[in-house]
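Visitor: My structure is below; once you've seen it, I'll send some questions.
The values are calculated or read from the model by the stated rules, or taken from the named source; none is laboratory data. Quantities reported herein were computed from a predicted structural model and do not represent experimental measurements. Cβ: placed from backbone, ideal geometry, glycine included. Neighbour counts: every protein chain shown.
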Ligand code: ATP
Ligand code: MG
């Protein structure tokens, strides 16, 4: 993105114009070197946060205590952070103290991995004191400094290590991996939200299975409240891993659903909650799992027409978007060499053949029904409307107001409502 690069160059120029040092730093330098798309560009400077704040028109003091100021430029936001060192890591979590320093190398030293501890100057010069470029060339993740100390300081780095290895297809340096195995029990101290953010990135990546395998190999699941491998379900988890290849469903939450299915977890709700998923994401995953259950528990030994009606009922309950995602999930199972729960082309054809896919599309509204039958609203309405919806959706009754009213009246008489 040219705008993104231009804006950040502008920010760096302004800082330098005032006599300060400024560099691109961290993930964007790594991604640029690797030829990956850069999504955000962080800047590091020796200017103190108040100084940075005073130099730009559109600035937000997002984290002054940690030295971070957000600068808005050319419609993009840039985090500009003062060179700093971190101290007083307590409980294997965030540092309790930061100190601003005047030497970029000291700032780079606090960063987690050699590939993330590089800075790039406007003139193209790299500041790469720990051999980040050479590790990238060798496809290696390596801690800056003593890995044992670095993982001890902040246990989240272990998950980040695996996340990067998984997303980039890199190996983990021997001493880094050994330290990870030694420090893994400290993971339990880290806030779930931070872990989930990293796992979301792992799960969204090109090869989540690799990350999950590393988590298993490192036995990290014994120390984190993760939905997979979840305590007591380790063996299910292990056997589920080869059964899921998760690079094909586009949406990360469909991948999580696939994983939970693979783990055969009896109830996903407590796990998803523990895992601090938002309600919106939790609902989506739960609906996918519910659809799976509704289908698999009722579809054995049905005739084709019965199966079609069951499928249509499932679609109406789950909603079309969920049904479409569920079919993607089945597709992923099939691609992985597994057996999908449904005949995918058949279900797709049934789905696209539905003349009505939700109550909103039904040619009879609740009010329309009330005035047609001359009754007051009540609990009798909902099942009746559902019945009409199913008939219209399956083509047994046309989606036509008159026909639907006729059917409603017939049901009311037949069933003595
Ligand atoms: P991504 O491309 O996924 O955003 P990233 O490397 O930019 O990856 P961020 O979480 O955005 O990751 O962090 C930005 C930079 O801050 C990292 O490149 C690294 O230098 C440093 N950093 C982030 N988290 C840690 C940590 N837990 N310990 C040490 N340094 C960290
Ligand atoms: Mg980043």
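Visitor: Going by the conditions given, is residue 205 over 17 Å from residue 95 (Cα atoms) and either modelled with pLDDT of 95 or more or more than 13 Å from ligand 1 (Cβ to nearest atom) (or both)? Show your work before the answer.
Guide: Details: over 17 Å from residue 95 (Cα atoms): yes; either modelled with pLDDT of 95 or more or more than 13 Å from ligand 1 (Cβ to nearest atom) (or both): no.
Judged against the criteria, residue 205 is not a match.
Visitor: For the range 90-108, give me each residue that is surrounded by 16 or more Cβ atoms within 10 Å (Cβ to Cβ) and farther than 17 Å from residue 49 by Cβ. Show your work before the answer.
Guide: So the first thing to find is which residues in the range 90-108 are surrounded by 16 or more Cβ atoms within 10 Å (Cβ to Cβ), and the list is 92-95, 98, 100-101, 104, 107-108.
Of everything in the range 90-108, those that are surrounded by 16 or more Cβ atoms within 10 Å (Cβ to Cβ) and farther than 17 Å from residue 49 by Cβ turn out to be 92, 93, 94, 108.
Visitor: Test each condition in (1) outside any helix (DSSP H, G or I); (2) away from ligand 1 (no atom under 13 Å from the Cβ); (3) out of contact with any strand residue (DSSP E or B) (no Cβ under 8 Å at 6 or more places or on another chain) for residue 87 and report the one that comes out false.
Guide: Status for residue 87: all satisfied but (3).
Visitor: Does residue 172 qualify as being touching a strand residue (DSSP E or B) at 6+ places or on another chain (Cβ under 6 Å) and either surrounded by fewer than 16 Cβ atoms within 10 Å (Cβ to Cβ) or on the phi < 0 side of the Ramachandran plot (or both)? Lay out the reasoning, then the answer.
Guide: Working: touching a strand residue (DSSP E or B) at 6+ places or on another chain (Cβ under 6 Å): yes; either surrounded by fewer than 16 Cβ atoms within 10 Å (Cβ to Cβ) or on the phi < 0 side of the Ramachandran plot (or both): yes.
So residue 172 fits the description; yes.
Visitor: Take the range 90-127 and flag every residue that is part of a loop (DSSP other than H, G, I, E, B), more than 10 Å from ligand 1 (Cβ to nearest atom) and either under 14 Å from residue 154 (Cα atoms) or outside the structural domain of residue 30 (by TED's automatic domain parsing) (or both). Quick ask: steps written out before the conclusion?
Guide: So the first thing to find is which residues in the range 90-127 are part of a loop (DSSP other than H, G, I, E, B), and the list is 90-94, 101-103, 110-112, 117-118, 121-125.
Going one step further and asking which of them are more than 10 Å from ligand 1 (Cβ to nearest atom), we end up with 90-92, 101-103, 121-125.
Passing the criteria: 90, 91, 92.
Visitor: Please work out if residue 348 is surrounded by fewer than 17 Cβ atoms within 10 Å (Cβ to Cβ) and at pLDDT 95 or above. Lay out the reasoning, then the answer.
Guide: Numbers: surrounded by fewer than 17 Cβ atoms within 10 Å (Cβ to Cβ): yes; at pLDDT 95 or above: yes.
Yes: the conditions hold for residue 348.
Visitor: Is it the case that some residue within the range 324-340 is free of Cβ contacts under 8 Å to residues at least 12 places away in the same chain, in a helix (DSSP H, G or I) and within 21 Å of the chain's Cα centre (by Cα)?
Guide: No: the range 324-340 contains no residue that is free of Cβ contacts under 8 Å to residues at least 12 places away in the same chain, in a helix (DSSP H, G or I) and within 21 Å of the chain's Cα centre (by Cα).
Visitor: While we're here: Looking only at the range 295-323, which residues are touching a residue at least 12 places away in the same chain (Cβ under 8 Å) and either surrounded by fewer than 13 Cβ atoms within 10 Å (Cβ to Cβ) or outside any helix (DSSP H, G or I) (or both)?
Guide: Of everything in the range 295-323, those that are touching a residue at least 12 places away in the same chain (Cβ under 8 Å) and either surrounded by fewer than 13 Cβ atoms within 10 Å (Cβ to Cβ) or outside any helix (DSSP H, G or I) (or both) turn out to be 296, 299, 319.
Visitor: Now, a different point. From the set of residues in the range 208-234 that are modelled with pLDDT under 60 and surrounded by fewer than 20 Cβ atoms within 10 Å (Cβ to Cβ), which is farthest from the chain's Cα centre (by Cα)?
Guide: By that ranking, first place goes to 232.
Visitor: A further question on this structure: Quick check on residue 64: is it more than 17 Å from residue 23 (Cα to Cα) and either in contact with a helix residue (DSSP H, G or I) (Cβ under 8 Å, 6 or more places away or on another chain) or modelled with pLDDT under 95 (or both)?
Guide: On the way: more than 17 Å from residue 23 (Cα to Cα): yes; either in contact with a helix residue (DSSP H, G or I) (Cβ under 8 Å, 6 or more places away or on another chain) or modelled with pLDDT under 95 (or both): yes.
Here the answer is yes, as residue 64 does meet what is asked.
Visitor: When you scan the range 132-165, how many residues do you find that are under 23 Å from residue 181 (Cβ atoms) and either surrounded by 17 or more Cβ atoms within 10 Å (Cβ to Cβ) or within 16 Å of ligand 2 (Cβ to nearest atom) (or both)? Working first, answer last.
Guide: Initially, the range 132-165 is screened for residues under 23 Å from residue 181 (Cβ atoms), giving 135, 138-165.
Checking which are either surrounded by 17 or more Cβ atoms within 10 Å (Cβ to Cβ) or within 16 Å of ligand 2 (Cβ to nearest atom) (or both) leaves us with 135, 140-144, 147, 150-151, 153-165.
Matching residues across the range 132-165 total 22.
Visitor: Take residue 25 and decide whether it is away from ligand 2 (no atom under 16 Å from the Cβ) and at pLDDT 95 or above.
Guide: When the stated conditions are applied, residue 25 does not pass them.
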